[in-house]
Amino acid sequence: MNARERLIVAVDVPTADEARALVDRLAGQVGMFKIGSQLFTAAGPDIVREIVGRGEKVFLDLKYHDIPNTVEQAVEAAVGTGAWMINVHASGGHAMMQAAARAGRETSAKLGRPAPLMIGVTVLTSMDHDALRAVGVERAVLDQVIALARMTQQAGLQGVVASAQETPQIRKACGPDFHIVTPGIRGASAGAERNDQSRTMGPAEAIKAGASYIVVGRPIIAAADPRAAAQAIVEELTTA
């Protein structure tokens with residue numbers, strides 16, 4: 001995988017027109033576009049199909065978390081959009097993740113297309129130990145992340161979303177072929193502002209720690225020249 005392919009841009013914009021303009025500016029410069037709750041709620045699955053139709057990869061970041069049957073049906077619909085990567089919340093449990101993995105495999109087979117990369121969200125990068133305790137989780141953040149990563153792998157998913165700070169330990173627990181997607185990248189060429197992220201790293205730092213992909217949002221999409229900002233990050237990644 002080359003440096004460009006490792007870079008996922010979060011298309012955190014409120015309208016389809018803004019998303020199209022951003023994709024136009026960044027096409028060929030980044031590996032994938034992440035569509036999350038804001039854009040998906042505003043523009044629906046058509047914007048996913050449109051970006052995929054342009055030949056781009058899409059990470060559909062809707063973090064499904066519901067009973068297994070509901071998540072299975074949601075993943076079936078997500079596969080129909082052509083999304084290359086789809087995620088669920090690992091805290092939804094083993095059975096829910098098994099249902100998601102099954103839906104990804106079976107629906108793509110019926111449609112005659114490659115199965116999406118199915119991944120589980122471990123602990124949101126905005127959360128620290130105090131935030132976990134507030135929702136009843138007494139484990140340390142690292143222990144919770146590793147437990148959820150192992151369960152994700154056992155359920156048949158191919159990777160996780162996790163902070164780069166936990167990546168070396170995830171690699172040790174789940175092996176070299178397990179995919180790790182690291183969000184909230186800040187610092188260095190990605191800009192210094194950390195905003196609402198608590199557990200972050202810079203781009204090259206995250207890859208050196210073992211991340212498969214990094215997700216960058218505001219440092220690119222809010223830049224005066226998003227393409228130049230993305231290029232700077234790709235250049236930094238080549239040193240990782």
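Filter the stretch 147-163 down to residues that are in a helix (DSSP H, G or I) and under 15 Å from MET127 (Cβ atoms) and give me whichever is least open to solvent (accessible area, probe 1.4 Å).
Here the answer is LEU148.
Just to verify a result, which residue in the stretch 106-127, among those that are under 19 Å from the mean Cα position of the chain (by Cα) and open to solvent by 30 Å² or more (accessible area, probe 1.4 Å), is modelled with the lowest pLDDT? Outline the logic, then answer.
To start, the set of residues in the stretch 106-127 that are under 19 Å from the mean Cα position of the chain (by Cα) comprises 114-127.
Those still in the list that are open to solvent by 30 Å² or more (accessible area, probe 1.4 Å) too: 114-115, 124, 126-127.
On the way: PRO114: 96, ALA115: 97, LEU124: 93, SER126: 89, MET127: 93.
So, considering only residues that are under 19 Å from the mean Cα position of the chain (by Cα) and open to solvent by 30 Å² or more (accessible area, probe 1.4 Å), the one modelled with the lowest pLDDT is SER126.
Somewhere in the stretch 47-64, is a residue open to solvent by 10 Å² or more (accessible area, probe 1.4 Å), among the β-branched types (Val, Ile, Thr) and not in a helix (DSSP H, G or I)?
Taking every residue of the stretch 47-64 in turn, none turns out to be open to solvent by 10 Å² or more (accessible area, probe 1.4 Å), among the β-branched types (Val, Ile, Thr) and not in a helix (DSSP H, G or I).
Can you name the number of the only condition in (1) modelled with pLDDT under 95; (2) closer than 21 Å to LEU117 by Cβ; (3) of a type in the set (Val, Ile, Thr) that THR200 fails?
Result: THR200 passes all but (2).
Out of the stretch 222-234, which residues are touching a residue at least 60 places away in the same chain (Cβ under 8 Å) and out of contact with any helix residue (DSSP H, G or I) (no Cβ under 6 Å at 6 or more places or on another chain)?
GLN231
Is it true that ALA95 is assigned to a loop (DSSP other than H, G, I, E, B) and among the aliphatic types (A, V, I, L, M)?
no
Are any of the residues in the stretch 77-99 out of contact with any Gly (no Cβ under 8 Å at 6 or more places or on another chain), free of Cβ contacts under 8 Å to residues at least 12 places away in the same chain and hydroxyl-bearing (Ser, Thr, Tyr)?
No, the stretch 77-99 contains no residue that is out of contact with any Gly (no Cβ under 8 Å at 6 or more places or on another chain), free of Cβ contacts under 8 Å to residues at least 12 places away in the same chain and hydroxyl-bearing (Ser, Thr, Tyr).
The values are calculated or read from the model by the stated rules, or taken from the named source; none is laboratory data. Small disclaimer: the values here were computed from a predicted structure and weren't measured. No Cβ is skipped: glycine too gets one built from the backbone with ideal geometry, and neighbour counts run over all protein chains shown. Protein only, heavy atoms only, side chains kept; ligands, DNA and RNA dropped before computing areas. Shrake-Rupley method; radii C 1.70, N 1.55, O 1.52, S 1.80 Å.
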